[in-house]
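The values are calculated or read from the model by the stated rules, or taken from the named source; none is laboratory data. Just so we're clear, the structure is a prediction, and the values are computed from it rather than from any experiment. With ideal geometry, Cβ positions are generated from the backbone for all residues, glycine too; neighbour counts draw on all protein chains shown.
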Amino acid sequence: MPPAADPDSAKATGTAAFSKFMAVLQLIADVAEPQSIPQLAAACGYPRPTVYRIVGALIAEGLVVETARGNTFSLGPRLLTLASRSWERSDLRVAAADALHELRDATQETVHLAVKSGPDMVYIEKLESPHAVRMASRIGTRVTLYSSSVGKAYLSTLSGDERAALLQNVTLERFTPNTITDRAALDAELDATAERGYAEDREENEAQIFCYGCAIRDANGRPLACVSISIPLFRKSATPFDTYVAPLREACRVIGERMGPAAAR
């Protein structure tokens, strides 16, 4: 008669398998560019056949998708849906709601709330401008740290070493003629952003769109999230500080306070 299965051993095996799945999924989430099976195998140290099976299972569950160019993989729609449900219930989103609505109403422009996710920022809330011309973004949209106002606002709160660690594997891809693709120029821009207390996206992420971004900080000055205002260039005010920046900074201050004493700067 064969020995009875050891439930503790089966549990350990299941946990190890799940850990491998999560390791591969985390790699796909953390790297800016879609990854191939060989790249994933090299990064996680698992055999290629193992990674191939894991990726296949993740695709079957909608957590990962194969990109249009083939043989490379990125996060799938089901993962974004699950994340969106989490964001909808988040304390941050609830704490920010009133201030974001007031900011949108005061500026009459689209407002985003974003958090860092891997090498990007991801929008967890969006309030539309009442104007006919609006932004194409949506909740779950990912934007780069270096070309977006929310990303630059986030990076500007960090030390030089922390910035370097976040950007070391990021290719500064050009999206528009204004995108900063030189690391020294980006560092100078982030220093200037830290000095003035808010970020500017001068058509760097999308042509004809100007954005202002500001960080929500905790008591130690660490970034919790970032808020941005996005304005079609033709509609941009001649007095941008009073029209956009001042109410943006006030909204971030209020949200920090509403997150509680530990989060208020």
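Scanning region 30-41 for residues that are within 17 Å of Ser19 (Cα to Cα) and surrounded by fewer than 16 Cβ atoms within 10 Å (Cβ to Cβ) returns a single hit, Asp30. Within region 210-223, count every residue that is modelled with pLDDT of 95 or more and in contact with a Leu (Cβ under 7 Å, 6 or more places away or on another chain). Number of matching residues: 4. Pairs meeting the criteria (first residue in region 20-39 and in contact (Cβ under 8 Å) with a residue 12 or more places away in the chain, second residue in a loop (DSSP other than H, G, I, E, B) and surrounded by 18 or more Cβ atoms within 10 Å (Cβ to Cβ), beta carbons under 7 Å, at least 6 apart or on different chains) are Leu25/Leu63; Asp30/Pro119; Val31/Pro119; Ala32/Pro119.
So which of Lys20, Lys11 is modelled with pLDDT under 95, part of a helix (DSSP H, G or I) and either exposed (fewer than 12 other Cβ atoms within 10 Å of the Cβ) or touching a Gly at 6+ places or on another chain (Cβ under 7 Å) (or both)?
Lys11
Selection within region 60-81: residues that are aliphatic (A, V, I, L, M) and touching a Gly at 6+ places or on another chain (Cβ under 7 Å). The member of this set that is surrounded by the most Cβ atoms within 10 Å (Cβ to Cβ) is Val64. When restricted to residues that are over 16 Å from Lys126 (Cα atoms) and touching a residue at least 12 places away in the same chain (Cβ under 8 Å), region 217-231 contains 7. Among the residues making up region 42-55, those that are surrounded by 13 or more Cβ atoms within 10 Å (Cβ to Cβ) and small (Gly, Ala, Ser) are Ala42, Ala43. Among residues of region 190-210 that are surrounded by fewer than 17 Cβ atoms within 10 Å (Cβ to Cβ), those with a Cβ under 7 angstrom from a residue that is basic (Lys, Arg), sequence gap 6+ or separate chain, pair up as Gly197/Arg249. The residues on offer are Val122, Val150, and the sole one that is touching a residue at least 60 places away in the same chain (Cβ under 8 Å), aliphatic (A, V, I, L, M) and assigned by TED's automatic domain parsing to the domain that holds Arg196 is Val150.
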